[in-house]
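The values are calculated or read from the model by the stated rules, or taken from the named source; none is laboratory data. The shown structure was predicted, so the numbers you read here are calculated from the model rather than taken from an experiment. Cβ atoms come from the backbone with ideal geometry, glycine included; neighbour counts cover every protein chain shown.
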């Protein structure tokens with residue numbers, strides 16, 4: 001009798017652990033989807049409509065300055081080029097290098113960037129974004145700006161790269177998800193074999209009580225682990241899609257700073 005209670009208690013604990021994993025994964029996926037959707041709305045422009053009036057009233061002169069900067073830079077479009085395998089974004093502005101550097105630094109500080117390297121007025125490097133960001137502007141990254149005088153203006157070249165801790169966190173999450181998916185599929189297949197052939201395998205203890213196989217319990221755990229594997233595989237695919245999307249538009253923040261000058 002005591003052995004039966006012990007086995008039943010073990011099964012309930014296993015089921016509770018799987019339920020916690022599923023609930024936690026569902027919450028994380030929901031948060032990532034919401035953040036990803038918000039980022040997409042911002043880039044499409046639909047997410048900014050409700051904030052336009054507030055932005056104009058609260059920023060006032062800053063908004064006017066940004067608008068005038070956009071008008072001034074219309075004749076100096078952004079240029080994209082590849083150099084030693086790195087995508088660069090470039091713009092020439094009609095200001096002296098010292099004034100350009102001062103304006104760029106002010107814009108970066110206004111956007112809550114952290115300066116990590118500085119060689120005025122030729123180079124400034126900043127760390128920007130969040131470790132939990134899932135769209136191009138929000139993802140944690142390092143942005144380098146190089147300035148050089150050209151004719152009567154200044155050439156600014158920007159390059160961006162994802163922060164190492166952001167990449168490491170993503171890699172660890174993907175590896176853990178992949179391992180758990182493989183484990184769940186193994187459990188599901190082993191229990192399916194137990195139900196079909198009554199031959200005990202590595203995970204047969206989950207569905208056995210005092211040496212006897214409980215077919216309904218085996219089927220329940222097989223369905224549960226299979227569903228959990230599919231759920232984690234979906235999260236893994238979403239993680240990969242986020243990385244590809246962020247990397248493809250990694251210079252978006254640099255372009256925004258150029259437009260603000």
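Where in the range 36-152 are there helices (runs of 4 or more DSSP H), lying wholly inside it, with at least 3 residues that are at pLDDT 50 or above, touching a strand residue (DSSP E or B) at 6+ places or on another chain (Cβ under 7 Å) and on the phi < 0 side of the Ramachandran plot?
97-110
If only one of 147, 191, 185 is in contact (Cβ under 8 Å) with a residue 40 or more places away in the chain and not assigned by TED's automatic domain parsing to the domain that holds residue 89, which one is it?
185
Of the numbered conditions (1) loosely packed, with under 13 Cβ neighbours inside 10 Å; (2) over 29 Å from residue 173 (Cα atoms); (3) in contact with a helix residue (DSSP H, G or I) (Cβ under 8 Å, 6 or more places away or on another chain), residue 194 fails exactly one; give the number of that condition.
(1)
Considering the range 209-230 alone, what residues qualify as being within 30 Å of residue 135 (Cβ to Cβ) and surrounded by fewer than 18 Cβ atoms within 10 Å (Cβ to Cβ)?
Residues satisfying the conditions are 227, 230.
Here is a list of conditions, (1) surrounded by 15 or more Cβ atoms within 10 Å (Cβ to Cβ); (2) over 30 Å from residue 145 (Cα atoms), and residue 205 meets all of them except one; can you say which number that is?
Of everything listed in (1) surrounded by 15 or more Cβ atoms within 10 Å (Cβ to Cβ); (2) over 30 Å from residue 145 (Cα atoms), residue 205 misses just condition (1).
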